[in-house]
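Okay, structure first, notes after.
The values are calculated or read from the model by the stated rules, or taken from the named source; none is laboratory data. These numbers were taken from a predicted model, which means no experiment stands behind them. Surface areas here come from the heavy atoms of the whole protein model, side chains and all, with no ligands, DNA or RNA. Shrake-Rupley method; radii C 1.70, N 1.55, O 1.52, S 1.80 Å.
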Amino acid sequence: MELFGMEIQKRQDAYQLLALALRESRGLTRMPELDRKPGGKPYFPHEEGLEFNLSHSGHLALCALDNAPVGADVQMVREWRPGLPARVCGPEELAWLEGQPDWWRSFSLLWSLKESRVKESGQGLRGTIRSIRVPMMGEGETRQMDGLWFRTYGGAGWVAAVCGEAQPPVKICWWRRLENEK
């Protein structure tokens, strides 16, 4: 599994990050044809064994590449609606959040873990967000759960998570802004 990140100016720039990642890691000079699976996850229908996932939040984009299904999510840390944690977290998760030094940063990380797991499955959200099982962990940790690997990341004002069958990398390969890559 490989993980790439970049500062972006608009949502569509995430696909340019994907193109750069494919060139850098797989030597592909052209973006393969894209399609969507029934759950909505984009994929390459003519590139068997090449899986990816994209995420963007604020000025950041994140791209995960692997040979098996993978999910990635990046979130800008912010104060969410006050009632949201009680709606999307189970009792164990809420108790874990109460013990964290930075409630909203930890909530954003937990949200990112849940998003990465849903995105790895490619089936979209089925059931409630509360029912999505993820390990409760801090930034920079790697854990296995239900046969999947999870890893968390963080920086100034952002957190991210990745989920897949392969053990995730310790670091994200960051690129400069797109206009510097042209």
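Taking the full set of protein chains and a 1.4 angstrom probe, give the accessible area of W175 in square angstrom, rounded to the nearest 10.
Number for this one is 40 Å².
I want to verify a result. In a Gaussian network model of the chain, Cα cutoff 10 Å, which of these has the top mean-square fluctuation: C163, C89, C63?
C89
Using only Cα atoms, locate the centre of the stretch 94-131 and the centre of the stretch 9-87, then give the distance between them in Å, rounded to an integer.
After rounding, the separation between the Cα centres reads 18 Å.
Pull out a ≥ b ≥ c, the square roots of the eigenvalues of the alpha-carbon gyration tensor of the stretch 134-174, then state rounded if a/c is under 1.5, prolate if not and a/b is larger than b/c, and oblate in the remaining case.
Because a/c hits 1.5 or more and a/b fails to exceed b/c, the stretch 134-174 counts as oblate.
Of all DSSP beta bridges located in the chain, what percent are antiparallel, nearest 5?
DSSP beta bridges in the chain are roughly 90 percent antiparallel.
Over the chain, average the accessible area per residue using a 1.4 Å probe and give it in Å², no decimals.
Here the residues of the chain average 51 Å² of exposed surface.
Give me the percent of the accessible area of the stretch 64-114 that comes from carbon and sulfur atoms, probe 1.4 Å, all protein chains in place.
Whole-percent figure for carbon plus sulfur exposure: 55.
Need the full-extension length gain, R87 to W103, defined as separation in residues times 0.36 nm minus the C-alpha distance. One decimal, nm.
4.2 nm
What list of whole percents do you get for P(r) of the stretch 111-164, with Cα-Cα distances grouped in 10 Å bins up to the one holding the largest distance?
With 10 Å bins starting at 0, P(r) equals 25, 56, 18, 1.
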